Each structure stands twice: as C-alpha cells, then as structure tokens.
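Derivation of every value follows stated rules applied to the coordinates shown; laboratory data play no part. On a predicted model such as this, the values are computed, not experimentally measured, just so you know. No Cβ is skipped: glycine too gets one built from the backbone with ideal geometry, and neighbour counts run over all protein chains shown.
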Amino acid sequence: MPVGHYENFPVASWLAPSALRPAIVAIYHFARAADDIADEGSAEATERLAQLDHYDAMLDRIAKGDRPDEPPFASLTDAIRDHMLPLAPFRDLLSAFRQDVVKTRYADFAELLDYCARSANPIGRLLLNLYRIDDHERQRQADAICSGLQLANFWQDVAIDWNKGRVYLPKEDMSRYEVAEGQIADGQCDERWRALIAFEVQRTRAMLESGRALAQALPLRLKLELKMVVAGGLRILRSIDAVDGDVFRHRPVLSRRDWAAMSAAALFR
C-alpha cells in the first residue's frame, strides 16, 4: 500500500493475501495515526493525551459492539470482527504513544525494551493473529524482530528525536561510553560516540537475527514478506556502520537498490 510516511519495511504489499490485506491496512492506519498524535505537529501534551484517550474510548465502543464511523475506526472495527483480533495489542500501542508524550529519557536497556514491547511488538502479534499463529516461540521471535526494527529506527533517527526533545539511547549505555547529551545537540561524532552506536547496532542486529527462524514456520507469502522486513532492518544497521555511526550527517534510508537487494534476500536466502 502507498503510505504517507517513510518506512523501513513493506506495508500490506502484494505478498500479503488479498483476504488479509484490508485488515493489515486497518492496523497500520490505526498505529500510524495514533503515533502521529504523539509525535507530529505542535499540540500541547494535554491535547495529545486527550486525543489518545479518544482513541481508547473508540476501542471501548468497538468492544461493546459499536462501529464508529470516523476513520480509522470503521475499517479497524471490521478487521477486529472479521479476524477476531484481540483489543489488548491496540491498547498497548496507545500506552506506548502516551508514554512518548510524557517520557523523554530511558535509564537502561530494560526500560527501553519495555517501551518496545508496547510500541512495536503488538504489530507482530496482531499479524500472527491474522494468520492464526499463537505458538509461544513464534511470538517470541516476532517480538525480537519488532523490537529490533524499533531500535534500528531509534539509532537511525537520533537527530530527529533530539529535535522532538527525546533521547532513546539508554542513559546507562551513554554513561558507559562517556557520551553526554551535549554531543547529540552538537552532532559530535567522536570515538566515544562511534563506540556507543556500534554497540547499540550490534545488539540490535543480534535481536533481528534471533527472530529470523520465524520465517520458516510461516506460509510462503508471509515468509517472503517477513524476510524482506528483516532484511530492511539489517540494511539500515549496515548503513549506520557504513557511515561509522555518524547519523547526524548521514541519516540512513533505504534506496531503490536496497529494496532490490531486500527482494533478492527474501527470494534466495
């Protein structure tokens, strides 16, 4: 599907079965719209939280059997009912987006992973629900991939997030490598910064790799799409390595050549 935001992965591509594509689009639209409430524009925190509360109220209406007319809830209601999707993952997403409004720093990696468990992992679990996959190990692998993609996005967008007043790099890691927030403000890419980013990239790469086996348990078309998703995350990490961690001057994005390589990786690896 065409999307209004740059993404590091395909969304509801032709690989998704036509019967599932509307539900995938509905999930994406809900997540993207709610995320934009927390991230975009100049609204005050109270207004952002009120809008996210409204999204929660719409989920309450869906739970009671209503079908709200306003987007993105009409199509989301259909997806939830047609595929018996649980509401908890949608509420987890809203919890993470509320957190983005009020929390701007993370003490350690465990705290950051808790955020990822609500901001990213629900998407993977909802997709597994669409395919009627509820095995615990498959869910763990999906979580590793989704959290890895979220982390790759954080390291890719350090400068962008700084301008929004946020730092996702754990304070514990910054202290270990003797990196201060002033370096982010100044875009200072010295040896300490490079070592910190190399550490985060390697840890994130290991997470993505740990979830790769999930593809072998999936139907062919979902398997190919998942392999493209993982390949996209890995290429972003490789691009960060290629600029020696200088994401201030060289924000990695996927080019047409990257998408071609991701397609090849999905088909032949």
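Annotations for the structure displayed:
- FRET efficiency, 1/(1 + (r/R0)^6) with R0 22 Å, evaluated for S175 and A206 via beta carbons: 0.50
- Restriction of the GluC sites (Glu not before Pro) in the range 141-226 to DSSP coil positions whose beta-carbon has at most 13 other beta-carbons within 10 angstrom yields E178.
- Under Karplus coefficients 6.51, -1.76 and 1.60, residue-wise ³J(HN,Hα) of the range 150-156 in Hz, glycine/proline x: 4, 5, 4, 5, 4, 5, 5
- Set of lysines near K103 by C-alpha distance (under 21 Å), chain-local residues within fewer than 8 positions excluded: K164, K171
- Full extension of the segment from D246 to D114, taken as 0.36 nm per residue of separation minus the current Cα-Cα distance, would add 44.8 nm.
- Spacing of the modelled spin labels on A74 and K103, each 7 Å from Cα toward Cβ, amounts to 3.6 nm.
- Each residue of the range 100-108 was assigned a 3J(HN,Hα) from its phi angle through the Karplus expression (A = 6.51, B = -1.76, C = 1.60, θ = phi - 60°), giving 4, 6, 10, 10, 10, 9, 10, 5, 8 Hz with x at Gly and Pro.
- A Förster radius of 25 Å combined with the Cβ-Cβ distance from M84 to A213 puts the calculated FRET efficiency at roughly 0.40.
- Structural descriptor for the range 14-133: relative contact order 31 percent, calculated from alpha carbon pairs under 8 angstrom and at least 6 residues apart.
- Ordering 55-68, 109-122 by mean Cβ neighbour count within 10 Å, with the highest value first, yields 109-122, 55-68.
- Three-way shape label, the chain, alpha-carbon gyration tensor, a/c 1.5: oblate
- Taking every C-alpha pair closer than 8 Å and separated by at least 6 residues, the mean separation divided by the residue count of the range 103-268 gives a relative contact order of 26 percent.
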